[in-house]
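The values are calculated or read from the model by the stated rules, or taken from the named source; none is laboratory data. What you are looking at is a predicted structure, and each value in this text was computed from that prediction instead of being measured. Counting neighbours? That spans all protein chains shown, and the Cβs are built from the backbone with ideal geometry, glycine included.
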């Protein structure tokens, strides 16, 4: 015989548990293989403007907002995008089980930066009409707050401490600092941009 309380939990928890298991299984299946890190792609001579458009389109398709486009210096930068793991199941960043778990617990924001350099001298910005090399960086960020000692991956083992000196100095705000690079996601973005460039070249030979 089922009690009302037992029936309530059986009806209302079964679907979330099944969904959670499916999401974890899917992320494991898609992310269990080894991946070669490739964060750069070539831009043929005369294709630099098309490359800028391809990068902007791909980043917007991935849910990022473009913060800055500097064609002269050769840089495109996004604003932070929060990825919450299982709470954002459709996010393209959800491909690696460890990352999905950490994002679920920590809601870690990401930014993407694409830098274009002269193919003949990578210390120089892109030259008009010349071949270019593009490099993609995906960064995961974390928030540091005075009084909190944060664990690098999850919030479970965070500690809180009190520093009277900071309080007397009025230091109470939080600071966002880079945690690590997400080379796996940068590789995925790089491949998609390169594929978009290839499609553009075939459409407009």
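Condition test on residue 150, is it under 26 Å from residue 182 (Cα atoms), modelled with pLDDT under 95, in contact with a strand residue (DSSP E or B) (Cβ under 9 Å, 6 or more places away or on another chain) and surrounded by fewer than 16 Cβ atoms within 10 Å (Cβ to Cβ)? So residue 150 fails the test. When residue 73 is tested against (1) part of a strand (DSSP E or B); (2) over 21 Å from residue 141 (Cβ atoms); (3) at pLDDT 95 or above, only condition (1) is not met. Does residue 52 meet the test of being surrounded by 18 or more Cβ atoms within 10 Å (Cβ to Cβ), in contact with a helix residue (DSSP H, G or I) (Cβ under 6 Å, 6 or more places away or on another chain) and closer than 22 Å to residue 131 by Cα? Spelling it out, it is not the case that residue 52 is surrounded by 18 or more Cβ atoms within 10 Å (Cβ to Cβ), in contact with a helix residue (DSSP H, G or I) (Cβ under 6 Å, 6 or more places away or on another chain) and closer than 22 Å to residue 131 by Cα.
Here's the yes/no breakdown for (1) under 24 Å from residue 193 (Cβ atoms); (2) under 25 Å from the mean Cα position of the chain (by Cα); (3) surrounded by 13 or more Cβ atoms within 10 Å (Cβ to Cβ); (4) modelled with pLDDT of 95 or more:
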{"position": "132", "(1), (2), (3), (4)": "yes, yes, yes, yes"}
{"position": "135", "(1), (2), (3), (4)": "yes, yes, yes, yes"}
{"position": "140", "(1), (2), (3), (4)": "yes, yes, yes, no"}
{"position": "160", "(1), (2), (3), (4)": "no, no, no, no"}
{"position": "173", "(1), (2), (3), (4)": "no, yes, no, no"}
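Taken over the range 189-205, the criterion of being surrounded by 14 or more Cβ atoms within 10 Å (Cβ to Cβ) and at pLDDT below 90 is satisfied by 196, 197, 200.
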